[in-house]
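Chemist: Mind having a look at this structure? Questions to follow.
The values are calculated or read from the model by the stated rules, or taken from the named source; none is laboratory data. Computed from a predicted structure; not experimentally measured. Neighbour counts run over all protein chains shown; Cβ positions are idealised from the backbone, glycine included.
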Amino acid sequence: MLIVTGYVLVAPSDAAAFVAGMAAFARTARARDGCLFFAVAPDGIEEGRMLVIERWREQAALDAHLAAGDTVAFVERWQGRMTGDVAKFDAANERALLDP
């Protein structure tokens with residue numbers, strides 16, 4: 001499993017438009033084969049900060065998502081208007097939160 005997490009920053013004046021656009025985009029992403037979880041949530045809308053968290057079954061599923069036309073279009077639409085720090089991690093030892 002892959003976990004993608006981090007944050008994205010947009011101009012505060014663009015935050016509402018980003019959230020609205022992301023809502024539609026997220027519904028499509030969640031329906032993709034191999035998507036286990038996908039969410040982008042405001043974390044200080046006044047600053048334009050958005051938290052990113054995704055879980056993908058494997059790299060091939062994430063690659064397909066990143067190459068999909070709507071993903072490319074979304075990134076192109078916001079390219080130059082968003083910055084951030086988003087990274088992916090391999091997760092091989094999944095267990096319940098309270099398990100040791």
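Chemist: Identify, from the list VAL40, VAL86, VAL72, the residue that is touching a helix residue (DSSP H, G or I) at 6+ places or on another chain (Cβ under 7 Å) and of a type outside the set (D, E, K, R). Please lay out each step first, then the result.
Modeler: Numbers: VAL86 fails: touching a helix residue (DSSP H, G or I) at 6+ places or on another chain (Cβ under 7 Å); VAL72 fails: touching a helix residue (DSSP H, G or I) at 6+ places or on another chain (Cβ under 7 Å).
After applying the criteria, what remains is VAL40.
Chemist: Consider ASP70 carefully, then state whether it is modelled with pLDDT of 95 or more and not aromatic (Phe, Trp, Tyr).
Modeler: Yes, satisfied.
Chemist: In the range 76-100, what count of residues is obtained for those that are out of contact with any strand residue (DSSP E or B) (no Cβ under 9 Å at 6 or more places or on another chain) and either of a type outside the set (A, V, I, L, M, F, W, C) or under 15 Å from MET22 (Cα atoms) (or both)?
Modeler: Residues that pass the stated criteria total 9.
Chemist: Moving on. Counting residues that are exposed (fewer than 11 other Cβ atoms within 10 Å of the Cβ) and of a type outside the set (Val, Ile, Thr), which strands (runs of 3 or more DSSP E) fully inside the chain reach at least 1?
Modeler: Passing ranges, in order: 82-90.
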